[in-house]
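The values are calculated or read from the model by the stated rules, or taken from the named source; none is laboratory data. Quantities reported herein were computed from a predicted structural model and do not represent experimental measurements. Cβ: placed from backbone, ideal geometry, glycine included. Neighbour counts: every protein chain shown. In case anyone asks, the SASA skips ligands and DNA or RNA and just uses the protein heavy atoms, side chains included. Shrake-Rupley method; radii C 1.70, N 1.55, O 1.52, S 1.80 Å.
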Amino acid sequence: MENNKKTSDFLHIGNKLLMWYDKNARDLPFRNTKDPYKIWICEIVFQQTRIAQGLNHYNNFIKRFSDVKTLAESPEDEVLLYWKGLGYYSRAINIHKAAQQIINDYDGVFPPEYEEILKLKGVGKYTAAAVSSICFNGKMPAVDGNFYRVLSRIFADDFDVSNSRAFNYFSELAHLIMPENVGDFNQAMMDLGSEICKPRNPLCGECPLNRDCLAFSLNKTSEFPVKTKKVKATDLGLQYYFVHRNGEFLIQQRKDDFIWKKLFEFPLQISEELMPFIKSVKTINHKLTHKNLSIEIFNVEVDSEEIWKNFTATNDYMITDVKNSQEKSFPKPLENYIQNYQTAYRFF
DNA sequence: AAGACGGGGTC
DNA sequence: GACCCAGTCTT
């Protein structure tokens, strides 16, 4: 232990938290089940994602892929389609692979042990702890951003959460207050962190732990957690050619080695013969967490059926139309562009 | 150990 | 505009 708190007893804090959770747990669709499949999916969906943002995606996903077998046997592009707009698309690709792992390596039965859950693609220490504790009475704290925030405030601990040892450090801190019912404890920490112990302007007046919170008693909640890591924005100069005719347009699929893994996009270059058909250029500025994207979209309106057919037949592009574009997963800025085009197209 | 990876909400 | 969020994977 890297602190001197071990000699004191903080278990009453966890018990207080459980009593609060009994009365104040959020009513969420995955709260009334211990089905490891559903808990697993919800843990992946809500990684780095707020409940309000991902709730519809979760419900639609469960409705379409109701069990591991259904998910494992579905095409990857359809899984990506149900992930459309959620971001971090490798989660969808990994969730699909993990479903096949469960079918192939565990005979279709979700493995109950923490160490086995951890072997699933896209499942790290947090998710493995959450699923094993909620579904199988596992005893690992599910240390996430909420744990960092709540624990650093309770103990007024300035350990840098950007430090790579933060996970282990706050895991040990969690053990100090962790009661027997770890599944409810983990979920209670999530609810407290999201509803009360918020990143900014926490509702300390309503917090069941305010009398146990050192940061609150020092009036220094805004100083925790300590995080030094900085985000840097880089600019990508993307240029797309929106090549279309009669409501059809050309698309291709991205690789899985960069942003927007395996999502569909417009061609990044066109042949010389299409240059005369460029009608206009639109610049879109799109912000990601770590990148600013300035995207130029060349509107290439092909009014010659001969050239259109010749071009589309001799290249590796796919053709889709404004209606069928709904069946593909596009990056958000391109999705918006197609939506606008669709709106304009209705006037013709 | 450090970057990369989305999108949306908040202040 | 900076920061944050039910983190994980790659290098």
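Rounded to the nearest 20, the size of the Cβ-charge dipole of segment A:234-345 about its Cα centre is 540 debye, with Lys and Arg at +1 and Asp and Glu at -1. In the complete set of protein chains, residue-level accessible area for A:Asp158 is approximately 110 Å², probe 1.4 angstrom. Shown is the FRET efficiency for A:Lys119 and A:Arg211, computed with R0 = 45 Å from the Cβ-Cβ distance and rounded to the nearest 0.05: 0.60. Computed over chain A, the range of Cα coordinates on each principal axis works out to 81, 48, 35 Å, biggest value leading. Computed from the C-beta positions of A:Gln342 and A:Glu180, the FRET efficiency with R₀ = 51 Å rounds to 0.40. Model label sites at A:Ser194 and A:Thr70, defined 7 Å from Cα along the beta-carbon direction, differ in position by 2.3 nm.
With each label modelled as a point 7 angstrom along the Cα→C-beta vector, the A:Asp160-A:Phe258 pair spans 3.2 nm. For segment A:60-82, the residues whose amide N sits under 12 Å from a probe point set 7 Å from the Cα of A:Gln100 along the beta carbon direction are A:72-77. Among the listed pairs A:Lys262/A:Lys287; A:Lys63/A:Lys139; A:Lys125/A:Lys227; A:Lys198/A:Lys261, a Cα-Cα separation exceeding 22 Å is found for A:Lys63/A:Lys139; A:Lys198/A:Lys261. Write down the percent of antiparallel bridges among all DSSP beta bridges whose residues are both part of chain A, to the nearest 5. DSSP beta bridges in chain A are roughly 60 percent antiparallel. Among the protein heavy atoms of chain A, carbon and sulfur supply 48% of the accessible surface, probe 1.4 Å, non-protein parts ignored. Average accessible surface for chain A: 52 Å² per residue, computed with a 1.4 Å probe over protein heavy atoms with every protein chain in place.
In chain A, the DSSP-assigned H stretches of four residues or longer account for a calculated mean residue ellipticity at 222 nm of -12500 deg cm²/dmol, using -39500 (n - 2.57) per stretch and the full residue count as denominator. Restricting the trypsin sites (Lys or Arg not before Pro) of segment A:164-259 to loop positions (DSSP other than H, G, I, E, B) with no more than 15 neighbouring Cβ atoms within 10 Å leaves A:Arg165, A:Arg200, A:Lys220, A:Lys227, A:Lys229, A:Lys230, A:Lys232, A:Lys255.
Taking the C-alpha atoms only, the angle from helix A:125-136 to the longest principal axis of chain A is near 70 degrees.
Between A:Thr289 and A:Thr228, the contour length at 0.36 nm per residue exceeds the alpha carbon distance by 20.3 nm. Given +1 at the Cβ of Lys and Arg, -1 at the Cβ of Asp and Glu and no other charges, the dipole of chain A around its Cα centre is 1000 debye to the nearest 20.
The aspartates and glutamates within cross-link reach of A:Lys230, meaning a Cα-to-Cα straight distance under 15 Å and a gap of 8 or more places when in the same chain, are A:Asp160.
Comparing A:Asn137, A:Pro111, A:Tyr148 along the charge dipole axis of segment A:61-168, the residue lying farthest to the positive side is A:Tyr148, per the Cβ-charge model. A simple spin-label model places the labels of A:Asn201 and A:Asp321 4.9 nm from each other, with each point 7 Å out along Cα-to-Cβ.
In chain A, taking the dipole from charged Cβ atoms about the Cα centre, the farthest positive-side position among A:Ser329, A:Asn181, A:Gln253 is held by A:Asn181.
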